[in-house]
Structure formats: C-alpha cells, structure tokens
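Okay, structure first, notes after.
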Amino acid sequence: EPFGSFVTELGLPRESGRSDLDLVILFHNYKADSKEEKDVRTNLVMPTIDHLGRWLQRQSGFNVKNIIRHARVPIVTFETKDLEVDVSVQQPFGVLNSWHLRDLCRSGVPGRLPALVRLVKQWAKSKAI
C-alpha cells in the first residue's frame, strides 16, 4: 500500500529528478508491528524485510541501497532509474495518516493547506530536520 507524499501529493521536487515512493506490505490477520507486539517484529517483519532485500538484490533494474533492520521501523530502500522506494512491513499507521492528511488538504480553501505544508517541508529540509 503506498503512503506518504505519493498519497498526499505533498512531495517536494527531488534533486535527483526521480520520484519517491513509500510502500508498506500489510499482511491480513496480523497485528501491527509495535513495541507491544514483539512477536510480530520477530516472526513477520524481520523475515519479510530480509527476504525482500535478498530477492530485490537478485533482480535486474533494482539497486538495493540499504536494508535497515535495527530501526524503529525496519525498511528496505532501493532505486530504479525512475524511482526511489522505501518499503516497510506491517506499519499501517503511515497509510492512515497519509489518507487523513490527503483528505484534510482536499477540504477547506483549495490550495492553502498544501501550500503551508510544502512551505514547512522546505523550511525543515533547509534546516536538515
């Protein structure tokens, strides 16, 4: 499921010219990855991250940049000639937050909230936040 700037349409132009895509793999009938659900991290998230990273490394046209295992949200990052992608597993809250922000931006006075969000994002990027 895509989330982040792809869903909210609030992405900043990238210096590389490539688009950025955040994806999450969600398995039905499993709880979300959280501190309280350590078994989800051990039995589902980590094996999936490892398997995905190894599989992508064998595919032509994909450059695996990093497999980040020991983080609050483990991810696999890879790129193609047109796209930079971050993949997480069993993290539904980014998707829900993206939908919420997208809907907020579409309501109210057209353009004002998206313009404010982009301004704050540019400011944060300039301050390396």
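The values are calculated or read from the model by the stated rules, or taken from the named source; none is laboratory data. Being a predicted model, the structure only gives us computed values, none of them experimental. Counting neighbours? That spans all protein chains shown, and the Cβs are built from the backbone with ideal geometry, glycine included. In case anyone asks, the SASA skips ligands and DNA or RNA and just uses the protein heavy atoms, side chains included. Shrake-Rupley method; radii C 1.70, N 1.55, O 1.52, S 1.80 Å.
For residue 77, the conditions (1) open to solvent by 30 Å² or more (accessible area, probe 1.4 Å); (2) polar (S, T, N, Q); (3) without any contact (Cβ under 8 Å) to a residue 40 or more places away in the chain; (4) under 27 Å from residue 26 (Cβ atoms) are fulfilled apart from (1).
Just wondering, is there one or more residues in the stretch 48-70 that are in contact with a Phe, Trp or Tyr (Cβ under 7 Å, 6 or more places away or on another chain), hydroxyl-bearing (Ser, Thr, Tyr) and either crowded, with 18+ Cβ neighbours inside 10 Å or assigned to a helix (DSSP H, G or I) (or both)? No, that holds for no residue. Considering (1) surrounded by 12 or more Cβ atoms within 10 Å (Cβ to Cβ); (2) closer than 28 Å to residue 69 by Cβ, the lone condition that residue 118 does not fulfil carries the number (2). Taking residue 108 as the residue in question, decide whether it is in contact (Cβ under 8 Å) with a residue 12 or more places away in the chain, out of contact with any Asp or Glu (no Cβ under 9 Å at 6 or more places or on another chain), at positive phi and assigned to a loop (DSSP other than H, G, I, E, B). Considered against the rule, which asks whether it is in contact (Cβ under 8 Å) with a residue 12 or more places away in the chain, out of contact with any Asp or Glu (no Cβ under 9 Å at 6 or more places or on another chain), at positive phi and assigned to a loop (DSSP other than H, G, I, E, B), residue 108 comes out as no. Condition first: without any contact (Cβ under 8 Å) to a residue 60 or more places away in the chain, under 17 Å from residue 1 (Cβ atoms) and open to solvent by 40 Å² or more (accessible area, probe 1.4 Å). Can you find one or more residues in the stretch 31-45 that meet it? Yes, the conditions are met somewhere in the stretch 31-45.
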